[in-house]
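Taking it in order: structure first as structure tokens, then the write-up.
Computed from the coordinates by the stated procedures, all read-outs in this text should not be read as laboratory data. Source: prediction; values computed, not measured. In this analysis, Cβ positions are derived from the backbone assuming ideal geometry, glycine residues included, and neighbour counts consider all displayed protein chains.
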Protein chains: 2
Amino acid sequence: MKVGKRMTRPRKLVVDALSKNDKPMTAQEIYSKMKNKADLASVYRTLELMTKNNLVQEYEFGDGKKRYELVNGHEHHHHLVCQHCGNVEDVEMKEGELMEKVANKSGFKIERHNLEFFGLCQDCQ
Amino acid sequence: MKVGKRMTRPRKLVVDALSKNDKPMTAQEIYSKMKNKADLASVYRTLELMTKNNLVQEYEFGDGKKRYELVNGHEHHHHLVCQHCGNVEDVEMKEGELMEKVANKSGFKIERHNLEFFGLCQDCQ
DNA sequence: GTTTTTGCAAACTTTTTGCATGCGG
DNA sequence: CCGCATGCAAAAAGTTTGCAAAAAC
């Protein structure tokens, strides 16, 4: 890891779990992948640390659980969340101009945005 | 209300609280506004009912609480959430073409999307 | 050796649920 | 009246926290 922090086993396990998955994961999902080799609380603490240091990005898809995805390697992107099967696909799109317009006309200093789509994937239509 | 459902006091109170506020409210906030005149559980049940019937729209701004806003009257819009003071402003933007592109290239049947911006409002910059 | 991090257990917060009672139409 | 909706209380579910023990460096 980095950030002047220690590279411990629980942290390795979290990174490991996240990097083996291509979809955002909940804390529970990450925890399940590491079979008692670290505590759930450590998972949460690690995710908080990594989120603050922009190593992971946090998402909410509306079911009350936060999901996390490694930033490393991933382009900036958004998600298509199937409301039937729960599957998640990545979408990339160039929304740059749109964001600029919002920034300009609002006077807000926009640091990040979440854009998620909900609907039905091809299999579920 | 409608939906073939009964217009009861708790439901009136929820609609009332929501219509007197111009920002999305949490269940707790709604509950607080109605001073023991209805139960929190009824607030949740009402919000669920109204969400399913598209009378309210549900949002998540990343703090683990769901927020609700009356659809009635409001144009389709998005939010600017200040990460410092928590204030929420509405933004309107024409993102139509962008949405179409995503729909076309993904094969997803998109039913709705959430787009929220996080940053610093003018006062907090 | 000292500081950071962990595991465990307990607490907290938000949301959901069961059930007997009560209100709306 | 009759069934849907409510209040209350208890339970889920997700996340956070305190603290002594253990691991990094």
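Within 10 Å of each Cβ of B:84-92, how many other protein chain Cβ atoms are there on average?
Average per residue, whole number: 1.
Only Lys, Arg, Asp and Glu count, each charged at its Cβ (+1, +1, -1, -1), so figure out the dipole size of the range B:78-119 about its Cα centre, rounded to 20 debye.
I would put it at about 280 debye.
I'd like to know which of B:Phe108, B:Ile30, B:Met93 lies farthest towards the positive end of the charge dipole of chain B, counting +1 on Cβ of Lys and Arg and -1 on Cβ of Asp and Glu.
Farthest along the dipole direction, towards plus: B:Ile30.
If you take the square roots of the eigenvalues of the alpha-carbon gyration tensor of the protein assembly as shown and sort them as a ≥ b ≥ c, do you get rounded (a/c under 1.5), prolate (a/b over b/c) or oblate?
Prolate is the answer for the protein assembly as shown, as a/c is 1.5 or above and a/b outweighs b/c.
What size of dipole, in debye to the nearest 20, comes out for chain B about its Cα centre when the only charges are +1 on Lys and Arg C-beta atoms and -1 on Asp and Glu C-beta atoms?
Charge dipole of chain B: 960 debye, to the nearest 20.
Can you give the convex hull volume of the alpha carbon atoms of the range A:9-70 per residue, in Å³?
Considering the Cα atoms of the range A:9-70, their hull volume per residue is 72 Å³.
Once you've got the GNM for chain A with C-alpha springs shorter than 10 Å, pick whichever of A:Lys12, A:Lys101, A:Lys35 has the biggest mean-square fluctuation.
Top of the fluctuation ranking is A:Lys101.
Any idea what the relative contact order of the range A:9-70 is, in percent, if you count C-alpha pairs under 8 Å spaced at least 6 apart?
So the answer I get is 38 percent.
Among B:Met25, B:Met34, B:Met50, which one shows the biggest mean-square fluctuation in a GNM of chain B, springs joining Cα atoms closer than 10 Å?
B:Met34
Any of A:Lys65/A:Lys94; A:Lys65/B:Lys5; A:Lys12/A:Lys33; A:Lys66/B:Lys66 with alpha carbons more than 20 Å apart? Name them for me.
Over 20 Å Cα-Cα: A:Lys65/A:Lys94; A:Lys65/B:Lys5.
Quick one: helix A:96-106 against the long Cα principal axis of chain A, what's the angle to the nearest 10°, folded into 0 to 90?
80 degrees
What's the magnitude of the charge dipole for the protein assembly as shown around its Cα centre, counting Lys and Arg as +1 and Asp and Glu as -1 at the beta-carbon? Answer in Debye, nearest 20.
Dipole magnitude for the protein assembly as shown comes out near 1240 debye.
Using a ≥ b ≥ c from the Cα gyration tensor of chain A (square roots of the eigenvalues), is it rounded, prolate or oblate, where a/c under 1.5 gives rounded and otherwise the larger of a/b and b/c decides, a/b for prolate?
Because a/c hits 1.5 or more and a/b fails to exceed b/c, chain A counts as oblate.
Compute the long axis of helix B:40-52 from its Cα atoms, compare it with the longest principal axis of the Cα atoms of chain B, and write down the angle in degrees, 0 to 90, nearest 10.
Roughly 40 degrees, rounded to the nearest 10.
From the phi of every residue in the range B:69-78, what ³J(HN,Hα) in whole Hz does the Karplus formula 6.51 cos²θ - 1.76 cosθ + 1.60 yield, where θ is phi - 60° and glycine or proline is x?
Computed from phi, the couplings for the range B:69-78 are 9, 5, 6, 2, x, 5, 5, 5, 7, 10 Hz.
Helix-derived [θ] at 222 nm for the protein assembly as shown: sum -39500 (n - 2.57) over DSSP H runs of at least 4, divide by residue count, nearest 500?
When only DSSP H runs of four or more count, the value is -10000 deg cm²/dmol.
Using only the Cα atoms of the range A:78-119, build the gyration tensor, take square roots of its eigenvalues as a ≥ b ≥ c, and label the shape rounded, prolate or oblate: rounded if a/c is under 1.5, else prolate if a/b is larger than b/c, else oblate.
Because a/c hits 1.5 or more and a/b exceeds b/c, the range A:78-119 counts as prolate.
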